[in-house]
């Protein structure tokens, strides 16, 4: 069941960590991600992926570089946001961190979600990586303030390049509570992306239909067995 919470007026006194504590979640156990893919085409469609393709969006944050892997092993939760505009972070969801598994380069590129994002220009686990495998983390979406997906906006101070942070070490002031989801707005721009999606559908090794993009349950991102 979708969690419903009363939407408060944004004010400078409200902080994201307060929401965590109110839900009996220790901010010391929460990593906060502000996703803004460096690949231009993927970055343009990323809010739309968060809205329409949640499994693909999640796959993006399930593998990382070695430094983030080490940090993520210590976390119990990932608070996931997208960098929709400079200096702000748009809430997507809170994910519990489960077990991790090594993923070879060959296995990585067998994951349907990574094939799909490659068509949007994602570099992923490339041949230039010295590591023979990456860790895949089992991240599962919780119902934490799920009704605020796409509407809760935080201030993201400091360097834009600092895209992951520990919750307890930072003040994440609530900047705005939008009346309508900014992610839903991305969904309404579907026609602008139809040409890109068509190119994705015919890309080598990607067997997907446009209907699957309109219905996320039709094509989920799963760990290869």
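The values are calculated or read from the model by the stated rules, or taken from the named source; none is laboratory data. Just so it is clear, the model here is predicted, and its values are computed rather than measured. Here the Cβ is made from the backbone with ideal geometry for all residues, glycine too, and neighbour counts use every protein chain on show.
Considering the range 41-64, and only residues there that are over 20 Å from residue 169 (Cβ atoms), in contact with a strand residue (DSSP E or B) (Cβ under 8 Å, 6 or more places away or on another chain) and touching a residue at least 40 places away in the same chain (Cβ under 8 Å), the residue that is surrounded by the most Cβ atoms within 10 Å (Cβ to Cβ) turns out to be 50. Could you check residue 166 against (1) at pLDDT 95 or above; (2) over 19 Å from the mean Cα position of the chain (by Cα) and say which number it fails? The one condition residue 166 does not meet is (2). In this structure, does residue 38 turn out to be closer than 26 Å to residue 154 by Cα, modelled with pLDDT under 95 and out of contact with any helix residue (DSSP H, G or I) (no Cβ under 7 Å at 6 or more places or on another chain)? Judged against the criteria, residue 38 is a match.
The set of residues in the range 79-92 that are surrounded by fewer than 23 Cβ atoms within 10 Å (Cβ to Cβ) and in contact with a helix residue (DSSP H, G or I) (Cβ under 8 Å, 6 or more places away or on another chain) contains only 84.
Among the conditions (1) touching a residue at least 24 places away in the same chain (Cβ under 8 Å); (2) exposed (fewer than 15 other Cβ atoms within 10 Å of the Cβ); (3) in contact with a helix residue (DSSP H, G or I) (Cβ under 8 Å, 6 or more places away or on another chain), residue 127 misses just one, which is (1). Filtered by the rule that a residue be within 22 Å of residue 55 (Cβ to Cβ), over 16 Å from the mean Cα position of the chain (by Cα) and in a loop (DSSP other than H, G, I, E, B), the range 105-162 gives 109, 110, 111, 119, 121, 123, 125. The residue list 223, 172 contains one member that is within 28 Å of residue 71 (Cβ to Cβ), in contact with a strand residue (DSSP E or B) (Cβ under 8 Å, 6 or more places away or on another chain) and at pLDDT below 70, which is 223. Checking each residue in the range 93-115 for being buried (at least 18 other Cβ atoms within 10 Å of the Cβ) and closer than 16 Å to residue 20 by Cα picks out 93, 94, 95, 97.
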